[in-house]
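Before any comments, here is the structure.
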Amino acid sequence: MRDFLRIAWAFLVRDFQVETSYRLAFVLQVFGLLVSATLWYFMARFVGGNHPSARMLELTGNLDYFAYVLVGLMVSRFLDVSLHAYASQIRQEQTTGTLEAMLVTPARLGHVIVASSAWAFLFAAIQSGLYLVFGVTLFGLHLDVGSVAGILAALVLTVLAFSGIGILSAAFVLYFKRGNPVNFVISSMTMLFGNVLIPARSLPESLQWISRLIPVSYATEAVRGALLKGQGLREILPDLGALAAFAAVLVPLGLLGARIAVNRAKREGSLVQY
Amino acid sequence: MESAARARNAADGEGIAVRVDGVAKAFPRRRSVRALLRAPFRRPPRVPALRGVSLEVRRGEILGLLGPNGAGKTTLLKVLCGLVLPDEGRAEVLGIPAGAPGLSRVLGLVHGDERSFYWRLTARENLDFFARLHGLTGRDRRRRVAELLGRVELARDADRRFGDFSSGMRQRLAIARALIADPPVLLMDEPTRSLDPVSAARQRQWILEELHRGDGRTILLATHNLREAEQLCHRVAILAAGRVRAVGTPAELRHRGLGGAAWRLRLDPLPPEIRAGRVTAREGDAGFPGEVVVLVPREEDLDVLLAEVKGAGCRVLSVRPEEPDLEEVFRALVTDGTGADR
């Protein structure tokens with residue numbers, strides 16, 4: 001664990017140095033988040049007006065649409081990073097030739113794959129925080145925090161659950177030299193069924209069961225409960241339990257798949273080809 | 001650092017630093033879409049990159065791995081680093097099998113590819129990142145990075161971005177990175193690629209004086225540059241089409257590659273035929289009028305040849321050993337005489 005943390009810190013320092021060399025890009029990203037929050041604020045006003053209908057409040061669990069969607073966007077940032085960051089980082093290191101240089105150090109490949117995304121996760125946390133800051137300060141979002149620990153637990157478990165798929169995707173990249181096409185399907189399914197932009201309860205009844213198979217739907221519910229509805233750890237425990245179960249299955253599956261793919265890539269010589 | 005120095009100084013009984021034993025490796029050939037559709041489950045044909053390569057690098061030696069492009073040089077270096085698993089055979093460095101934990105403490109790889117750094121970061125930041133991956137921390141890490149930048153003469157440019165560096169500076173930074181753990185064995189993949197002749201000569205001199213004579217490191221150097229192999233290496237292994245064709249000192253290879261020793265004879269008159277030796281150059285391409293270059297398998301065959309010439313009524317004006325051109329030897333060893341790869 002100490003080795004991993006040391007390597008993760010090395011990547012954090014490196015990526016901070018790289019990012020600060022692109023100062024304008026950083027400022028533009030913050031501006032982009034502000035524009036996105038503004039867009040959803042006016043979208044919410046357009047959809048629900050200043051007085052959301054009883055039907056909408058029933059579907060969103062007594063939240064106005066802006067509050068509902070803002071939490072969905074926050075959680076989906078972590079989802080995006082978990083699904084895509086590992087693979088895109090590894091692909092980038094492969095194409096720049098730096099992966100080979102890393103693999104001749106004592107750092108283990110598994111540690112390199114996971115730690116190389118440390119900055120992406122930190123940045124996702126900053127982005128989520130900025131969404132919240134813009135929401136509260138500019139658009140009157142009302143917070144009713146029940147459990148900070150619950151929010152953190154929901155985010156960590158979501159990251160873990162999707163990291164299993166993300167790590168598998170990175171292994172796919174190492175072997176096939178291209179991104180895992182399944183990720184796009186998972187992302188789209190999550191936006192549709194994961195209570196991110198629209199409540200799954202608003203979908204036809206025959207499709208609603210799919211949302212129970214998507215980890216993010218539990219994460220969005222848990223974070224909304226703990227951040228906006230004053231729910232404590234005990235109240236969001238069922239959602240956290242479901243997320244933990246997904247993580248318990250997907251993380252070992254991802255690591256196993258990655259091990260197989262890396263061994264095959266070493267045998268076929270494609271580990272450091274690009 | 002200390003363990004690496006100890007490993008460098010210790011003798012393993014046989015004095016062998018790198019041992020490659022019967023290593024074979026074939027890579028799957030990429031198939032066309034049509035071939036994939038026709039037989040999606042058929043295993044793709046494999047292209048051999050290494051065919052039973054065996055060689056040894058002695059402690060403190062510079063061994064050149066000389067071969068044309070595609071000969072298998074880089075694949076062999078990757079096998080030694082554990083980046084590619086061999087299909088057959090084994091490779092080890094100071095008794096540590098390739099790919100085993102601990103290998104990175106005794107083995108450093110100098111990449112020929114100058115892209116393998118972060119272009120937006122400075123030389124110091126780049127080196128610092130890799131030093132962290134090597135497990136160096138705090139003051140030790142900063143001291144080591146500064147020391148290495150000084151060694152490769154980049155101290156004054158340490159805070160310039162890598163992207164602004166010349167090819168020579170990039171190559172030197174690659175050497176500094178390979179030295180982070182102070183490994184006793186270095187693998188160098190074309191260390192003067194993309195350098196101009198003056199910078200390349202300076203780089204070779206530096207490798208010889210600093211890394212070899214100064215540090216006593218064992219170096220396995222892959223190159224397709226004959227001059228480089230000749231200037232730097234104690235011994236050269238000629239690799240072609242995945243096989244080791246010959247191993248020896250450059251001088252040994254000159255004679256072995258041509259199948260004997262070459263002699264330059266000045267005769268009067270030049271006989272129309274010489275049967276006892278193979279004529280490789282005649283009057284005109286040989287130099288002065290009456291000169292001929294003859295290849296004889298053994299030294300004693302020269303006496304037979306001279307007797308034959310005298311018997312034909314010719315006077316022998318001079319006899320000089322001819323140093324064969326290494327390029328000619330190399331061509332002879334990697335081709336079958338028709339120009340095709342063996």
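Quick notes on this one:
- The one condition from (1) polar (S, T, N, Q); (2) within 22 Å of B:E327 (Cβ to Cβ); (3) in contact (Cβ under 8 Å) with a residue 40 or more places away in the chain that B:T249 does not meet is (3).
- Filter pass, A:Q94 being within 14 Å of another protein chain (Cβ to nearest Cβ) and among the polar types (S, T, N, Q): yes
- The residues of the range A:191-217 that are surrounded by fewer than 13 Cβ atoms within 10 Å (Cβ to Cβ) and of a type in the set (S, T, N, Q) amount to a single one, A:S206.
- Any hit, the range B:152-169, residues being β-branched (V, I, T) and either in contact with a Cys (Cβ under 6 Å, 6 or more places away or on another chain) or under 24 Å from A:V112 (Cα atoms) (or both): no
- The residue that is farthest from the other protein chains (Cβ to nearest Cβ), among those in the range A:1-12 that are loosely packed, with under 14 Cβ neighbours inside 10 Å and of a type in the set (A, V, I, L, M), is A:M1.
- Residue within the range A:119-140 that is within 14 Å of chain B (Cβ to nearest Cβ), within 30 Å of B:H111 (Cβ to Cβ) and in contact (Cβ under 8 Å) with a residue 60 or more places away in the chain present: yes
- Verdict on B:R172 being of a type in the set (D, E, K, R) and either buried (at least 21 other Cβ atoms within 10 Å of the Cβ) or within 20 Å of the chain's Cα centre (by Cα) (or both): yes
- From the list A:L250, A:L243, A:L227, A:L256, the one residue that fits, being part of a helix (DSSP H, G or I) and surrounded by fewer than 15 Cβ atoms within 10 Å (Cβ to Cβ), is A:L256.
- Positions within the range A:13-33 being charged (D, E, K, R), under 28 Å from A:R108 (Cα atoms) and surrounded by fewer than 17 Cβ atoms within 10 Å (Cβ to Cβ), in sequence order: A:E19
- Near pairs, Cβ below 9 angstrom, 6+ apart or cross-chain, from the range A:93-112 (more than 20 Å from B:L80 (Cβ to Cβ)) to any residue that is of a type in the set (G, A, S) and not in a loop (DSSP other than H, G, I, E, B): A:E93/A:A101; A:G110/A:A258; A:H111/A:A8
- Qualifying position, being hydrophobic (A, V, I, L, M, F, W, C) and more than 23 Å from B:P97 (Cβ to Cβ), among B:V47, B:V79: B:V47
- The range B:226-253, subset in contact with an Asp or Glu (Cβ under 7 Å, 6 or more places away or on another chain) and in a helix (DSSP H, G or I), residue nearest to B:R204 (Cα to Cα): B:L226
- Within the range B:194-214, considering residues that are surrounded by fewer than 17 Cβ atoms within 10 Å (Cβ to Cβ) and assigned to a loop (DSSP other than H, G, I, E, B), the one modelled with the highest pLDDT: B:D196
The rows are residues; the columns are (1) at pLDDT below 95; (2) assigned by TED's automatic domain parsing to the domain that holds B:R217; (3) closer than 24 Å to A:L109 by Cβ.
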position: B:A100; (1), (2), (3): yes, yes, yes
position: B:S116; (1), (2), (3): yes, yes, yes
position: B:A123; (1), (2), (3): no, yes, no
position: B:F129; (1), (2), (3): no, yes, yes
position: B:T137; (1), (2), (3): yes, yes, yes
position: B:R143; (1), (2), (3): no, yes, no
position: B:L149; (1), (2), (3): no, yes, no
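- Any chance B:L187 is surrounded by fewer than 22 Cβ atoms within 10 Å (Cβ to Cβ) and either hydroxyl-bearing (S, T, Y) or within 11 Å of chain A (Cβ to nearest Cβ) (or both): no
- Residue check for A:S36: surrounded by 20 or more Cβ atoms within 10 Å (Cβ to Cβ), away from chain B (no Cβ under 14 Å) and part of a helix (DSSP H, G or I): no
- Within the span defined as the range A:166-175, one or more residues are within 14 Å of another protein chain (Cβ to nearest Cβ), over 22 Å from the mean Cα position of the chain (by Cα) and farther than 18 Å from A:F78 by Cα.
- Any hit, the range A:42-49, residues being modelled with pLDDT of 85 or more and either in a helix (DSSP H, G or I) or within 14 Å of chain B (Cβ to nearest Cβ) (or both): yes
- Test: residue in the range A:13-31 that is small (G, A, S) and within 13 Å of chain B (Cβ to nearest Cβ): yes
- Checking each residue in the range A:1-33 for being outside any helix (DSSP H, G or I) and either modelled with pLDDT of 85 or more or over 23 Å from the mean Cα position of the chain (by Cα) (or both) picks out A:S21, A:Y22.
- Single match in B:R161, B:R142 (criterion: at the interface with chain A (Cβ under 9 Å from one of its Cβ atoms) and free of Cβ contacts under 8 Å to residues at least 60 places away in the same chain): B:R161
- Annotation note: of A:L103, A:L12, the sole residue that is more than 30 Å from A:L192 (Cα to Cα) and touching a Phe, Trp or Tyr at 6+ places or on another chain (Cβ under 6 Å) is A:L12.
- Residue check for A:S206: more than 14 Å from every other protein chain (Cβ to nearest Cβ) and either in contact with a Phe, Trp or Tyr (Cβ under 6 Å, 6 or more places away or on another chain) or closer than 21 Å to A:L168 by Cβ (or both): no
The values are calculated or read from the model by the stated rules, or taken from the named source; none is laboratory data. A quick note: this is a predicted structure, and the numbers were derived from the prediction, not measured. Positions of Cβ are backbone-derived with ideal geometry, glycine not excepted, and every protein chain shown enters the neighbour counts.
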